[in-house]
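Report on the structure given below.
What follows draws every value from the coordinates through simple rules; no lab data is involved. None of the values given here were measured: they were computed from a predicted structure. Cβ coordinates were reconstructed from backbone atoms using ideal geometry, including for glycine residues, and neighbour counts include every protein chain displayed.
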Amino acid sequence: MRLENKTAIVTGAGSGFGAGIAAKLAREGAAVIVCDVNAEDGNRVVGKITAAGGRALFDGADVTRADAVQAMVDRAVAEFGGLDILVNNAGVSHHRKPMLDVTEAELDRILAVNVKGLFHTANAAIPAMRANDQSSVIVNIASTGAVRPRPGLTWYNATKGAVTTLTKSMAIELANYRIRVNAVNPVAGDTPLLATFMGEDTPENREAFRQSVPLGRLSTPEDVASAVLYLASDEAALVTGVCLEVDGGRCI
């Protein structure tokens, strides 16, 4: 197993990409903290992992709260002996609409989760990772919206652009501590956020979106989880500062 004796935190792991990532890391031997503000969803993911023979614990930390994130990292260290992998997957969006129709409250929310959440996880996780006697990994889940932004999601796209820039800057700053930092840019998938991205979830809108992807389909949690697994594993030991597009060619 590629992640044997590793400990991972996956935020936003109660559904969608996060649930797929948590399950994949656990199957490869990692002990996983499943972080989500929805306790029912998070515990369901933990139940599936443990039923399959993996190790996982649920934590309800809200990534917009520094104290909750610090407590989660402290718990990971106490329960599993350290922290090796952090996957910043938690994210929200405003509904697809003209940029001038997005309210300040909506903007504050997506900034708090998509950008400031990474500030809190970095402040809590990096000291724990620096205490390791081996290299550690941070994987940020960004979006194709950071690379090929489309109308209607302007402020969401901006937060994901911040994530990709942050990823590269963190990679340089943390290299001396043997902490690799990479990002994954998924094309939209069949997750709870899909309706938000499309404005209205209809068969017609889904088909139009699929038509915009050269390989002809949306992403799946397995697609994203496989990319995260590679970046988190020793197979990517010389890979840092990379923003990997998992998009079926949409960004070309």
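Quick notes on this structure:
- Amide hydrogen proximity for Arg55: with H placed 1.01 Å from N in the peptide plane, the residues at 5 or more positions away or on another chain lying under 5 Å are Val32.
- Take 184-194, 69-79 and order them by the average number of nearby Cβ atoms within 10 Å per residue, most first; the result is 184-194, 69-79.
- Applying 0.36 nm per residue to the separation of Glu207 and Trp155 and subtracting their alpha-carbon distance, the gain on full extension is 16.3 nm.
- Debye, to nearest 20: dipole size of the chain, +1 on Lys, Arg Cβ, -1 on Asp, Glu Cβ: 420 debye
- Total lysine pairs whose alpha carbons fall under 23 Å of each other in the chain (8 or more apart, or interchain): 7
- Between the stretch 24-53 and the stretch 126-145, the alpha-carbon centres lie 19 Å apart.
- Average projected area [Cα convex hull, the stretch 1-93], square nanometres: 5.3 nm²
- When peptides 52-64, 91-103 are ranked by their average number of other Cβ atoms within 10 Å per residue, the highest-first order is 52-64, 91-103.
- Bins of 5 Å, starting at 0 and running to the largest distance - Cα pair percent for the stretch 144-252: 2, 12, 19, 23, 19, 12, 7, 4, 1, 0
- Over the stretch 7-243, volume per residue of the alpha carbon convex hull, in Å³: 121 Å³
- Sum of side-chain charges, Gly60 neighbourhood, beta-carbon under 14 Å (Lys, Arg +1; Asp, Glu -1): -3
- Karplus 3J(HN,Hα) series, Hz, for the stretch 129-136 with 6.51 cos²θ - 1.76 cosθ + 1.60 (x for Gly, Pro): 5, 5, 7, 5, 9, 9, 5, 10
- Here the calculated FRET efficiency for Ala51 and Asp190, from their Cβ-Cβ distance with R0 = 25 Å, stands at 0.60, rounded to the nearest 0.05.
- Protection proxy ranking of 235-248, 208-221 - average other beta-carbon atoms within 10 Å, highest first: 235-248, 208-221
- Taking amide H atoms as placed 1.01 Å from N in the peptide plane, the amide H of Asn140 lies under 5 Å from those of Asn88, Asn182, Ala183, Val184, each 5 or more residues away in sequence or on another chain.
- Remark: relative contact order (the chain) = 20 percent; criterion is Cα-Cα distance under 8 angstrom and separation of 6 or more residues.
- A straight chain from Leu107 to Asn38 at 0.36 nm per residue would run longer than the Cα-Cα distance by 22.7 nm.
- On Cα atoms only, tilt of 221-232 relative to the major axis of the chain in degrees: 40 degrees
- For Glu173 and Ala66, a Förster radius of 22 Å and the Cβ-Cβ distance give a FRET efficiency of 0.65, rounded to the nearest 0.05.
- Toward the positive end of the charge dipole of the stretch 7-243, with +1 on the Cβ of Lys and Arg and -1 on the Cβ of Asp and Glu, the farthest Cα among Asn132, Ala51, Tyr177 is that of Tyr177.
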